[in-house]
Amino acid sequence: MGIGPSTKETTLQHFRDPLLDVIQEDTDVDLAGIIIVGTPDDNVDKIRVGTRAAIMAECIRADGAIITADGWGNSDVDYVNTCEQLGIRGIAVTGLKFIGRTAGFVVTNNYLDGIFDINKSESGTETDIVGQNNYDARDCRKALVVLKAKMAKNSRNR
């Protein structure tokens, strides 16, 4: 479990990140920042990185966040924790992640309702095709639409 050829985000994916393109094209949202965190091995550190990312988002007064990850399995722990930490702080969250039809998240919580599986292989599993299971502009638009709806709901409830 972890990162394989089809889920690994290549340098080209980073330089031509479709999520940034989709967000920059949308005049209804303002990109406040990008937070990049690693995936530690130790569970204590996994909880720490997700909590710190959520605290940073809270400090910049973010209304919402779209989180992505190029790993699966063990990296679900910090990804799912980050979703929870954002949600606890009232920050709307959606995300893009390879989950796969056969795997599912290793851990779960109540803040995963806006997470989209970016699996594109017919088998629903990791493959040997580099970049096959990366998110694309269509995935990003879906996540942004749901994020905007969640942020609108949060603003009505305040």
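Looking at residue 77, is it out of contact with any Pro (no Cβ under 9 Å at 6 or more places or on another chain), under 28 Å from residue 130 (Cα atoms) and not in a loop (DSSP other than H, G, I, E, B)? It is true that residue 77 is out of contact with any Pro (no Cβ under 9 Å at 6 or more places or on another chain), under 28 Å from residue 130 (Cα atoms) and not in a loop (DSSP other than H, G, I, E, B). Tell me, which residue of the stretch 121-158 that is at pLDDT 90 or above and either in a loop (DSSP other than H, G, I, E, B) or more than 17 Å from the chain's Cα centre (by Cα) (or both) is surrounded by the most Cβ atoms within 10 Å (Cβ to Cβ)? Filtering first and then ranking leaves 135. With respect to the conditions (1) touching a Gly at 6+ places or on another chain (Cβ under 8 Å); (2) not in a helix (DSSP H, G or I), residue 30 lacks only one, and its number is (1). Would you be able to tell me the number of residues in the stretch 40-73 that are under 13 Å from the mean Cα position of the chain (by Cα) and over 27 Å from residue 152 (Cα atoms)? Residues flagged as under 13 Å from the mean Cα position of the chain (by Cα) and over 27 Å from residue 152 (Cα atoms) within the stretch 40-73 amount to 3.
Scanning the stretch 60-78 for residues that are modelled with pLDDT of 95 or more and either buried (at least 20 other Cβ atoms within 10 Å of the Cβ) or farther than 19 Å from residue 143 by Cα (or both) yields a total of 7. Here is the figure for the stretch 80-116: residues that are in a loop (DSSP other than H, G, I, E, B), among the hydrophobic types (A, V, I, L, M, F, W, C) and closer than 15 Å to residue 139 by Cα total 2. When the residues of the stretch 1-35 are filtered to those that are among the β-branched types (Val, Ile, Thr) and under 26 Å from residue 63 (Cβ atoms), the one that is surrounded by the fewest Cβ atoms within 10 Å (Cβ to Cβ) is 27. In the stretch 36-45, the qualifying residues are those that are in a helix (DSSP H, G or I) and either exposed (fewer than 13 other Cβ atoms within 10 Å of the Cβ) or touching a Phe, Trp or Tyr at 6+ places or on another chain (Cβ under 9 Å) (or both), and the one that is modelled with the highest pLDDT is 44.
Of everything in the stretch 9-27 that's among the hydroxyl-bearing types (Ser, Thr, Tyr) and in a loop (DSSP other than H, G, I, E, B), which residue is nearest to the chain's Cα centre (by Cα)? Among those residues, the one meeting the criterion is 10.
The values are calculated or read from the model by the stated rules, or taken from the named source; none is laboratory data. Computed from a prediction, not measured in an experiment: that's the story for all the values here. Counting neighbours? That spans all protein chains shown, and the Cβs are built from the backbone with ideal geometry, glycine included.
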